[in-house]
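Asker: First the structure, then my questions, so here it is.
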Amino acid sequence: MNKKLAIEITNLNKSYDDVEAVRGIDLKINKGEFYGLLGPNGAGKSTTINSITSLVKPSKGNIKIFEKDIEENFRFARSKVGIAQQEVSQDWFFPLEQLLYFQAGFYGVTRPNAKERIDYILDKLGLSAHKNKKMRELSGGMKRRLQIAKALVHDPEIIILDEPTAGVDVELRHDLWTYLQELHRDGKTILLTTHYIDEAELLCERVGIIDNGKLIVEDSVDNLKKLVNKSSIVIHLKNDIYDINFLGGFDYHISEKKVYIQTESPNLDLPKIILKFSEASINIEDVHIPQTSLEDVFLDLTGRKIND
Ligand code: ADP
C-alpha cells in the first residue's frame, strides 16, 4: 500500500524579476516523515516552503496537502500546516502571549481551547516566564521560539520550519532539536530547511539537497553518504614507506607517511589490514577511519561547500 502523502510538490518554479529562485522542484513527503531541505543560502529553500503555505505565489507548478490542491482547498491547507518563517514578525506593541492569541484567532481556535494550547506551547518552548514581554524585549533565541510557537498554536499535522536554529545558541539548539524529535514521535510531519549539516544528519529521515533552485538529490542520510567515494581507512606510519605490495587485493595510495586504503567495510577490513602491516614488520603510528558527512556529499555533487 502506498504511504499517504502529506506534501506533494510538482514542477515548482518561481522567478522574482530576473532571478530564477526555484527551477522545477518535485518533492513528495510522506505523512509522519521528518524531511530536511539542506542547501546553501540563496538555494531556493525558503521560496519552496513558502509556496506550500501560499506566502509565495509560484510562477508554475502545483502543490497538494494530503492529496488536495492548495489553491482549490485553501482553508483545508491552512488548517493542516503551521509554518515558522525565518523572518521575525514586526509586532512590537503586544506581549508575546497576546500575539499567540491573535494567531489562534486567525486559525479559528476558540478562546478556551487556545488558552490550554498556548499555556502548553509556552511551557514546551521555555517561554512561560517571558509571556508578558514585548518583541523588543526578546532575545534572538526567544524571537525564534516565538516564531515556532506561532506555527504550533493550531496544532497542525504538518510543521514547516525555515532555519529553526539559525543564530540560536548551542543549548537552545539542543532543546529545540529535542522538542522537534518529540513532535515527530507524536506523528507530526516535519519539513525543515537548514544549512547546518549536523542538524540535517541528526534529525531528518530523508534529506533533499537543494542548490541553485534545483533538488539535486534526495535520500536517507545513510544512503546519501554512500554516494561519496572516500578513502575509508587511513594508516599513519612511523617511517616513510614506498611500497606496500603486501596489501594485495586492496586499492590504496601512499602520501608521505600515510596510506589511504579504499574499502566498503572499513570496520571489517581494518583487523586484516593491521595484520598485514604487522606481518611485514611495518610500524603503525595511528589508524583513522574518516567519517563521511553530508558536506562531502554536497562537495562531491557541486564542487562547493554548503557554507562557503
Ligand atoms: P534560501 O532559503 O535557500 O536561502 P531563497 O528561497 O530565500 O533561498 O532565495 C532564492 C533566491 O531568490 C535568492 O537568489 C534570493 O535572493 C531570491 N529571492 C528570494 N526572495 C526574493 C524576493 N522577495 N525578491 C527577489 N528575489 C528574491
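The values are calculated or read from the model by the stated rules, or taken from the named source; none is laboratory data. Bear in mind the structure is a predicted one, so any value in this text is a computation, not a measurement. Here Cβ is always computed from backbone atoms with ideal geometry, including for glycine, and neighbour counts include all displayed protein chains. Quick note on the areas: whole protein, heavy atoms, side chains included, nothing else; ligands and nucleic acids left out. Shrake-Rupley method; radii C 1.70, N 1.55, O 1.52, S 1.80 Å.
Asker: Give the separation of the Cα centroids, segment 251-281 to segment 97-148, in Å.
Answerer: 57 Å
Asker: Against the longest alpha carbon principal axis of the chain, how many degrees, from 0 to 90 and to the nearest 10, is the axis of helix 111-124 turned?
Answerer: In the chain, helix 111-124 runs at an angle near 30 degrees to the longest axis.
Asker: Using R₀ = 41 Å, calculate the FRET efficiency as 1/(1 + (r/R₀)^6) where r is the Cβ-Cβ separation of residue 238 and residue 181; round to 0.05.
Answerer: According to the calculation, E is roughly 0.35.
Asker: Angle between the Cα long axis of helix 266-279 and the longest principal axis of the chain, 0 to 90 degrees, nearest 10?
Answerer: Helix 266-279 sits at roughly 20 degrees to that axis.
Asker: Taking the alpha-carbon centroid of each part, what is the distance from segment 150-200 to segment 38-60 in angstrom?
Answerer: That distance is 18 Å.
Asker: Counting other Cβ atoms within 10 Å of each Cβ, which chymotrypsin sites (Phe, Trp or Tyr not before Pro) in segment 229-275 have at most 11 and sit in a DSSP loop?
Answerer: 242
Asker: A follow-up question, please. In the chain, if the dipole is taken from +1 on Lys/Arg beta carbons and -1 on Asp/Glu beta carbons about the Cα centre, which of 127, 180, 294 is farthest to the positive end?
Answerer: 127
Asker: Roughly what angle does helix 170-185 make with the longest principal axis of the chain, taking Cα atoms, 0 to 90 degrees, to the nearest 10?
Answerer: For helix 170-185, the angle is close to 80 degrees.
Asker: Residue 205: accessible area at probe 1.4 Å, nearest 10 Å²?
Answerer: 90 Å²
Asker: Hey, another quick one. Can you tell me how much longer the chain between residue 170 and residue 120 gets when fully stretched, taken as 0.36 nm per residue apart minus their C-alpha distance, in nm with one decimal?
Answerer: Additional length available on full extension: 15.7 nm.
Asker: Keeping the other protein chains in place, figure out the carbon and sulfur percent of the accessible area of the chain, with a 1.4 Å probe.
Answerer: Carbon and sulfur: 45 percent of the exposed surface of the chain.
Asker: As an exercise, use a Förster radius of 41 Å and the Cβ-Cβ distance of residue 59 and residue 281 to find the FRET efficiency, rounded to the nearest 0.05.
Answerer: Once rounded, the FRET efficiency stands at 0.05.
Asker: So, one more: What 222 nm value per residue comes from the helices of the chain, counting each DSSP H run with n ≥ 4 as -39,500 (n - 2.57) and dividing by all residues, nearest 500 deg cm²/dmol?
Answerer: Helix contribution divided over all residues of the chain: -10000 deg cm²/dmol.
Asker: Okay, next question. When the dipole is taken about the Cα centre of the chain, and only Lys, Arg (+1) and Asp, Glu (-1) are charged at their Cβ, what size is it in debye, to the nearest 20?
Answerer: Here the size comes out at about 1200 debye.
Asker: Could you pull out which residues in segment 132-152 have an amide N less than 13 Å from a spot 7 Å beyond the Cα of residue 16, following the Cα-Cβ vector?
Answerer: Of the residues in segment 132-152, none has backbone N under 13 Å from the label point off residue 16.
Asker: Something else about it: Mean separation of Cα pairs under 8 Å and 6+ residues apart, divided by the residue count of the chain: what relative contact order is that in percent?
Answerer: It comes to 20 percent, rounded to a whole number.
Asker: Whenever you get a sec, line up 182, 33 from highest to lowest accessible area (probe 1.4 Å, protein heavy atoms).
Answerer: 182, 33
Asker: Let me ask something additional. Could you check what % of the DSSP bridge pairs in the chain are antiparallel, to the nearest 5?
Answerer: 65 percent
Asker: Heavy-atom accessible area of residue 222 with all protein chains present, probe 1.4 Å, nearest 10 Å²?
Answerer: Residue 222 exposes around 110 Å² with every protein chain in place.
Asker: I'd like the accessible area for residue 201: 1.4 Å probe, protein heavy atoms, all chains in place, Å² to the nearest 10.
Answerer: 50 Å²
Asker: Something else about it: Testing the spin-label approximation: label points 7 Å from Cα along Cα→Cβ at residue 228 and residue 113. State their distance in nm.
Answerer: 4.6 nm
Asker: Hey, what's the chain come to in accessible area per residue, 1.4 Å probe, Å²?
Answerer: 52 Å²
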